[in-house]
Each structure stands twice: as structure tokens, then as C-alpha cells.
Amino acid sequence: DSRISLRAFVQDGTDMIESSGSGDPARNIGSVKTAGGEFAVHQAVSSQVAVDFGVTLTSARDEEADEPVPLIPSTLFTAAATYESGPVRCTARAVRVGSRPGESGEDLDSYYLADARASYRTRRATFFVGAKNLFDTLYEDEEGFPQPGRSFEFGIQREFFE
């Protein structure tokens, strides 16, 4: 099983609300042009293992000020691997978010995130365990607001109506 996908988009928007992480009130951007593209590949390596890769490029500009819109990354890279055998499924994913303009005019640093999740499916429920931000990366999606560190999840998922 192999798939290659290519997507492109252009969007004109008006009255975009930009929140500011530095305590300033939100502001209205009158006219924004967003354009970008995504290239993704899915490849089944075997009957049990599949890999996915993706690259996304974006550009969002304040058309009135002719400046980039803050907090929108220009690049995003993703890679994931999935192993599935009978009732067991394990997934590992890595993401690189590229640098992006901050509200203060300085760029916010790019960062990497890694997640992992394992699940076991029975007739009645699926049991799962996982970790997000596996390596406890310190990053900011918005200036002055560090994002949560590593987190763990575990639980049971049950479909009551099929």
C-alpha cells in the first residue's frame, strides 16, 4: 500500500483576530492572504509496518502592512511509523515546527516534538497508553507562554453503539 498526496491552497481572509501572548489585547488584521502546499507519502513497509512522511509549507501575510502574520510557521515536517499485529498497535511520531514570526518582531525558535502510543484491542474495549512531548521539549507556540512539558495518557476506549 503506497500513497502520495499533494495539496495546494490559497485563501484570502478578512478581519483575522490575532491574539497576543505578551499581555497586549488582541488585534484585528484587516486582510490576510494565506498560501501553502503539502506533500505527503504513506508507505506500507510490510503487512505490519507503515511509515508516513509529510512536509507542509505555508505563508500568511498581512496584506495591508505587507508583513508576515505572527505565530504561523512557514514549515512543518512530520514522520510517523505504525506497527500493527492482531490486537496490538504501536505508533511513534516526530514533528518539526519551523521558526515563525513573533508578535515582538523577533522569530520564535523552531522545535521538535515526539509522541508515542500503544494500544490493545479486545472485543469490548481498547486499552491504550501513550506519551506526548516524549523528550520534554521546552517550546512556545505563542510568545511568553511556554507549552506543557511531557504528558502521559492511559485509558480505555469503548464503543457503546455500533
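The values are calculated or read from the model by the stated rules, or taken from the named source; none is laboratory data. Model, not experiment: these values are computed from the prediction. Note that each Cβ is placed from the backbone with ideal geometry, even for glycine, and that neighbours are counted across all protein chains shown. Note: accessible area is taken over every heavy atom of the protein model, side chains too, but ligands, DNA and RNA are not part of it. Shrake-Rupley method; radii C 1.70, N 1.55, O 1.52, S 1.80 Å.
The selection criterion, being open to solvent by 50 Å² or more (accessible area, probe 1.4 Å) and in contact with a strand residue (DSSP E or B) (Cβ under 8 Å, 6 or more places away or on another chain), holds for Arg121. Among residues of segment 132-149 that are over 9 Å from Leu108 (Cα atoms), those with a Cβ under 7 angstrom from a residue that is of a type in the set (Ser, Thr, Tyr) and open to solvent by 60 Å² or more (accessible area, probe 1.4 Å), sequence gap 6+ or separate chain, pair up as Thr137/Tyr112; Gly144/Ser22.
Residues are listed down the side, and each one gets a yes or a no for (1) under 30 Å from Asp62 (Cα atoms); (2) touching a Gly at 6+ places or on another chain (Cβ under 8 Å); (3) of a type in the set (A, V, I, L, M, F, W, C):
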position: Arg89; (1), (2), (3): no, no, no
position: Val97; (1), (2), (3): yes, no, yes
position: Tyr120; (1), (2), (3): no, no, no
position: Arg123; (1), (2), (3): no, no, no
position: Phe128; (1), (2), (3): no, yes, yes
position: Glu140; (1), (2), (3): yes, yes, no
position: Gly144; (1), (2), (3): yes, yes, no
position: Gly149; (1), (2), (3): no, no, no
position: Phe160; (1), (2), (3): no, no, yes
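One residue stands out in segment 128-162 among those that are aliphatic (A, V, I, L, M) and either in a strand (DSSP E or B) or touching a helix residue (DSSP H, G or I) at 6+ places or on another chain (Cβ under 9 Å) (or both): the one that is least open to solvent (accessible area, probe 1.4 Å), namely Ala131. Restricting segment 115-162 to residues that are closer than 28 Å to Ile72 by Cα and of a type in the set (A, V, I, L, M), the residue that is modelled with the lowest pLDDT is Leu138. Scanning segment 92-127 for residues that are in a loop (DSSP other than H, G, I, E, B) and among the hydrophobic types (A, V, I, L, M, F, W, C) yields one hit, Ala125. Restricting the search to segment 1-29, which residues are of a type in the set (Gly, Ala, Ser), loosely packed, with under 14 Cβ neighbours inside 10 Å and modelled with pLDDT of 75 or more? If the condition is that a residue be of a type in the set (Gly, Ala, Ser), loosely packed, with under 14 Cβ neighbours inside 10 Å and modelled with pLDDT of 75 or more, then Ser2, Ser5, Ala8 are the ones that fit.
The number of residues in segment 60-86 being of a type in the set (Val, Ile, Thr), open to solvent by less than 40 Å² (accessible area, probe 1.4 Å) and assigned to a loop (DSSP other than H, G, I, E, B) comes to 1.
Inside segment 47-59, can you point out the residues that are open to solvent by less than 60 Å² (accessible area, probe 1.4 Å), more than 15 Å from the chain's Cα centre (by Cα) and free of Cβ contacts under 8 Å to residues at least 40 places away in the same chain? Step through it out loud before you land on a result.
As a first pass, look at segment 47-59 and keep what is open to solvent by less than 60 Å² (accessible area, probe 1.4 Å): 49-52, 54-56, 58-59.
Still in the list and also more than 15 Å from the chain's Cα centre (by Cα): 49-51, 59.
Once the filter is applied, which keeps residues that are open to solvent by less than 60 Å² (accessible area, probe 1.4 Å), more than 15 Å from the chain's Cα centre (by Cα) and free of Cβ contacts under 8 Å to residues at least 40 places away in the same chain, segment 47-59 yields Val49, Val51, Ser59.
Quick grid of which residues meet (1) among the small types (Gly, Ala, Ser); (2) free of Cβ contacts under 8 Å to residues at least 24 places away in the same chain; (3) in contact with a His (Cβ under 6 Å, 6 or more places away or on another chain):
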position	(1), (2), (3)
Arg100	no, no, no
Glu103	no, no, no
Glu106	no, yes, no
Gly130	yes, no, no
